[in-house]
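Some notes on the structure that comes next.
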Amino acid sequence: MLKPIYNSITERKRSGKKSFAVLIDPDKVNNNNMGQLIALAVEAKVDYFFVGGSLVISNYLDECLQLIKKTCSIPTILFPGSPSQVSKYADALLYLSLISGRNPELLIGQHVVSAPAVKKSGLEIMPTGYMVVDGGAPTTVSYISNASPLPADKNEIAVCTAMAGEMLGMQLIYMDAGSGAKRPITESMIEQVSKAIQVPLIIGGGIIEPEKAYLNCKAGADVIVVGNAIEKDASLIREMAAAVHSVAVTV
Ligand code: 1GP
């Protein structure tokens, strides 16, 4: 099976480039503000759109993806909060297993139930070890997942969890402090996890300053995801993308 999106992520990592993804929650956008967001993203050379949310209440998912596809060539990656958030209009799907939690439903249960629909979607599937790290506030993801987040200061647990995820065959590791986290993931945790795995490392949750995005990349993050801060001020896309893209690693 062709894996163009995953190949682009690994190719960027292989060549020492860092990637910037803008997270779009379909509940928080509409056709009016999407136009401006896409224009800014194109200008800033955003690498990916992640689309999804813990709850998607509106019916805007398909339309939002179609609008992105019609307007620009930035790839769209579904970041689903539930199995119902699958759309054939995306380019790829983060097939998340919550490996930091001990809720069997989010490790494998929901995957079993939704497997036929996911397969039928024809989407590029990217098996992703999803690790929710304590961000200092009860975020929607920590509540919905009904699983304890990984303690923010326990780097060794994060390292072992990511290693186990990789050995189980996860092709990406996504460490997330949760949308709107008070405390984003520390650079020391990012550094130790990135050294322990070979697959690309995605970092998100509570990143509101371009400087933090930059430091995360320096510490070993391969993809930086920002949602909340951009919802509040879309023009931040420029500075965030520039900060991420300014980090080039010699490989
Ligand atoms: C949340 O990682 C994402 O799942 C992004 O978090 O909305 O806080 O940027 P923010």
Debye equation applied to the C-alpha atoms of region 11-103, log10 I(q)/I(0) at 0.23, 0.24 Å⁻¹:
-1.20, -1.27
Taking the convex hull of the alpha carbon atoms in region 114-251, what volume per residue do you get, in Å³?
132
Cross-link partners of K3 among aspartates and glutamates (Cα-Cα below 19 Å; sequence separation of 8 or more within a chain)
E11, D47, D91, E124, E166, D222
Per-residue ³J(HN,Hα) for region 73-80, Karplus 6.51 cos²θ - 1.76 cosθ + 1.60, θ = phi - 60°, Hz, x for Gly and Pro
10, 5, x, 10, 10, 6, 10, x
With a/c under 1.5 counting as rounded, go ahead and sort region 87-136 into rounded, prolate or oblate using the C-alpha gyration tensor (a ≥ b ≥ c being the square roots of the eigenvalues; past the cut-off, prolate if a/b is larger than b/c, else oblate).
oblate
So the label point goes 7 Å from the Cα of R102 along Cα→C-beta, right? Which residues of region 159-188 then have their backbone N under 18 Å from it?
159-162, 164-165
Could you please put I99, I173 in sequence from largest to smallest accessible area, using a 1.4 Å probe?
I99, I173
Over the Cα atoms, compute the radius of gyration (one decimal) and Dmax (the largest Cα-Cα distance, rounded to a whole number) for region 149-225, in Å.
11.4, 34
Of every hundred units of 1.4 Å-probe accessible area on region 177-251, the number belonging to carbon and sulfur atoms, as a percent, is 51
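Express the Stokes-Einstein translational diffusion coefficient of the chain in µm² s⁻¹, to the nearest whole number, given a Kirkwood radius over alpha-carbon pairs, 4 °C and a viscosity of 1.567 mPa s. Don't jump to the answer; show the numbers that get you there.
Numbers: Rh = 17.8 Å.
The calculation lands on 73 µm²/s.
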What does DSSP give for the chain in terms of the percent of beta bridges that are antiparallel, rounded to the nearest 5?
5
For a quick check, take a GNM of the chain with Cα springs below 10 Å and name the residue from L23, L107, L96 with the largest mean-square fluctuation.
L107
For region 185-244, what are Rg and Dmax over the alpha carbons, in angstrom?
11.4, 35
Could you work out [θ]222 nm for the chain from helices alone, using -39500 (n - 2.57) per DSSP H run of at least four and dividing by all its residues? Round to the nearest 500 deg cm²/dmol.
-11500 deg cm²/dmol
Per the Kirkwood definition applied to all pairs of different Cα atoms, how many angstroms is the hydrodynamic radius of region 48-101?
11.6
Rounded to one decimal in nm, the spacing of the 7 Å Cα→Cβ label points at E63 and E239 is 3.3
For region 145-184, diffusion coefficient by Stokes-Einstein and Kirkwood Rh (Cα), 4 °C, 1.567 mPa s, µm²/s
113
Cut-off under 5 Å, modelled amide H: who pairs with S19 long-range:
V223, I224
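The values are calculated or read from the model by the stated rules, or taken from the named source; none is laboratory data. In this text, all values refer to a predicted model and were calculated from it rather than measured experimentally. Note: ideal-geometry Cβ built from the backbone for every residue, glycine included; neighbour counts use all protein chains shown. We work out accessible area using only protein heavy atoms, side chains counted, and drop any ligands, DNA or RNA first. Shrake-Rupley method; radii C 1.70, N 1.55, O 1.52, S 1.80 Å.
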